[in-house]
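A short worksheet on the structure shown next.
Please treat every number below as a calculation from the coordinates, not as lab data. Nothing here was measured: the structure is a model prediction, and the numbers come from that model. Quick reminder, even Gly has a Cβ in these numbers, built from the backbone with ideal geometry, and neighbours come from all protein chains shown.
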Amino acid sequence: MSTFTSSVANANPSRPGVALVSISRLQSLCETVAPRYAERAKFFPVREGYGEAVAALQAYVDAGSVDVVLAAGSNGAYLRDHLSVPVVMVKVNGFDVLNAITRATTTWPGARIGLVLHETIPDELVDLSPWLNVSLKQRAYRSIDEVRLAVDKLAAEGCRVIIGPGMACDFAQQAGMESVFLYSLGAVEEAFERSVELARVSRQKESKRVRLNTIVAHLRDGVAAFDEAGQLEAVNPAMLELLGLDVLKEAPLGGREQDIPMQVVRAVGPLLRETLANDLPIVERIEQIGGRALIVNCVPIVEQGVRSGSVVTVQDALVAQRIDRSLRTSQRPRHLVARHQLNDLIGGSPALERVRRLARAGAAHDATVLLTGESGTGKELVAQGIHNASRRRGNPFVAFNCAALPEGLIESELFGHEEGAFTGARRGGKPGLFEIAHTGTIFLDEIGEMPAALQSRLLRVLQEREVMKLGSGRATPVDVRVIAATHRDLHALVEQGMFRADLYFRLNLLQIELPPLRERRGDVAPLARHLLSRSALQYGLPEAALERVLAFLAPLFEHYAWPGNVRELENLLARAAIYFGDAAADASQDWQAVFPEFGRMKRTAAVKAASGASDATIGNNSARATPTREDVMHALEQCGGNRAAASRALGIGRTTLWRLLKD
């Protein structure tokens, strides 16, 4: 093995590859020049020509070893037409020709000279012949057979010396003539320089293409690239799957794989034509393609200011919707952050001080807390305050309303699910709220509305401190502090068989009952001032109007039943801030319309007077916090079956009245 061949065999595979195709005397020049470029490229000598050379080179090209081919003459022209990689030709310039003619005339003075060139005959040499004092004949060739024919014709015309490529020189010697090899060392060096640089650029482009294709192939979005004629250049598996064409690749013996480009163009062709006609990209449009709702984008590819093609991206609309829901859920602040402190409880009544005292005591431990009280009394505010006063502050605070979702969704939300656990289950599964609240607090509002089938699962979580996802056979330990809340009498529900007794006793470790607003009327005025000041900042209520609003509402503070408790008070004061934010407006004549609660209070008193009820019952200030079903039936009888009037008479909402009738 020669030194040149050995260096090729041990070449660094990371360097670009150049195939050196030389049939005859060009080989020695290539072997002379190649070592100078050994650090920049690896070389593969090929001794065959034409069809045999194509077969040998194709193996190198398929293996990714050869980036450029270096050849000369008709052999190079043949390879250029039959290979997919660039072919660099060893070019003969005028100086090479003149130098060869000079050598021939010096060595064989007075001899007739024949010049064999590839493809073209320069007429200028004929004009220079008298000046050079040489008898020169020229012939052109395009194939190996034409080389032999050209040499034979020149010999018949009396030429004794042949100047030409290696094959022409070989044929001349066989015919008994002298020869001068046309290609110079400088021409070969120039060809090597161009080949090595082109190979380096080609290798970089190929590396970038492979890297880009690898990245695109792993995208979940479909991507397809088209040239300026609308022909498919590249497509990733996700695009085929979204267009429903992946089945073509799996056809028996690949018989239908050739249909893929046509099918892709047919599916997205209208988008390409629209983008071309309007010269505007298509961005995030919903299209029905192949029976699926897809989000499509079609953007032109512009290179150096010239449009060279288009790229189409496709995304499943259902996947996008799930991602959007997931982002909205995961980034919802109230699910992860507790904003309130126990000091946010406004008021100094003994009942509220008792709530603060019990809440602070419960916050010092991780025991389960049960918050009871009517709707709107501030149970979630107390839950957040307990969390922020505990050692778990700074960790997640996750709130969940047990009455907000159907039974099946409640189970999935609380405990999570594995992939494929049910139809429509999220790919990769989903953690439950207990897992999300790990190391923090989970607040289960309206615990009394939890379906009976899920109460046993919740009990196990409270007992074992571990959750098991739907579709999973493995339990996940969780460190969670549980705070539950309800407006219902859980003890009565236990007696009625509607709530598990063991779950009730597990929840009822630390119980805090929040008093309704009507039982702490001394707190209404300072609480109203605080809430109205906050609304004034939000809605632009002037300071002067603030005092007028508080003065007008003072009778409500004293006598209104506040069936909606603090929530109703807050809404009423926000209404005031909105309607009377313009200090220039004469609001006095509108107050009765803005606050119909005054009229409702008068009607309630009238109904009660007609029924003979006491004043204590009129103000709804008795110890009983919520009317019973008998009270509702009695009020309906007094109001002639009018539910709206009965609700106003009892100081409760129509929804509460309906729930009492249902219970």
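What ranking of 262, 498 emerges when the number of other C-beta atoms within 10 Å of each C-beta is taken as an exposure proxy, fewest first?
The most exposed by this proxy come first: 262, 498.
With the crude spin-label approximation of a point 7 Å out along Cα→Cβ, what separation in nm comes out for residue 492 versus residue 286?
Calculated label separation equals 4.6 nm.
At R0 = 30 Å, how high is the FRET efficiency between residue 476 and residue 361 if r is their beta carbon distance? Nearest 0.05 is fine.
Once the sixth-power term is evaluated, E becomes 0.45.
Dipole of segment 225-321 (Lys/Arg Cβ +1, Asp/Glu Cβ -1, origin at the Cα centre): which of 265, 289, 304 lies farthest to the positive side?
My answer, from the dipole projection, is 289.
Just going by the charge dipole of segment 101-220, with Lys and Arg at +1 and Asp and Glu at -1 on Cβ, which of 156, 144, 218 is farthest out on the positive end?
218
Go ahead and run the numbers for FRET between residue 208 and residue 274, Cβ-Cβ distance against an R0 of 25 Å, rounding to 0.05.
0.25
Can you compute the charge dipole magnitude of segment 94-182 about its Cα centre, using +1 on each Lys and Arg Cβ and -1 on each Asp and Glu Cβ, nothing else charged? Give it in debye, rounded to the nearest 20.
With Lys and Arg at +1 and Asp and Glu at -1, about 240 debye.
Using +1 on the beta carbon of Lys and Arg, -1 on that of Asp and Glu, and nothing else charged, what's the dipole of segment 519-583 about the Cα centre, debye to 20?
80
List the GluC sites (Glu not before Pro) in segment 151-191 that DSSP assigns to loop (not H, G, I, E or B) and whose Cβ has at most 14 other Cβ atoms within 10 Å. Which are they?
Here the GluC sites (Glu not before Pro) that fit, given the DSSP loop and packing criteria, are 157.
On a full-extension model of 0.36 nm per residue, what is the gain between residue 509 and residue 571, subtracting their alpha-carbon distance, rounded to one decimal in nm?
Answer, rounded to one decimal: 19.0 nm.
Any chance you could run the full-extension gain for residue 229 through residue 40? It's 0.36 nm times the residue separation minus the Cα-Cα distance, nm to one decimal.
Going from the current span to full extension adds 64.3 nm.
Set the Förster distance to 45 Å, then compute FRET efficiency between residue 108 and residue 197 from the Cβ-Cβ distance, nearest 0.05.
E(calc), rounded to 0.05, equals 0.70.
Distance from a point 7 Å along Cα→Cβ of residue 403 to each backbone N in segment 462-499: keep the residues under 19 Å and list them by number.
Backbone N within reach: 483-499.
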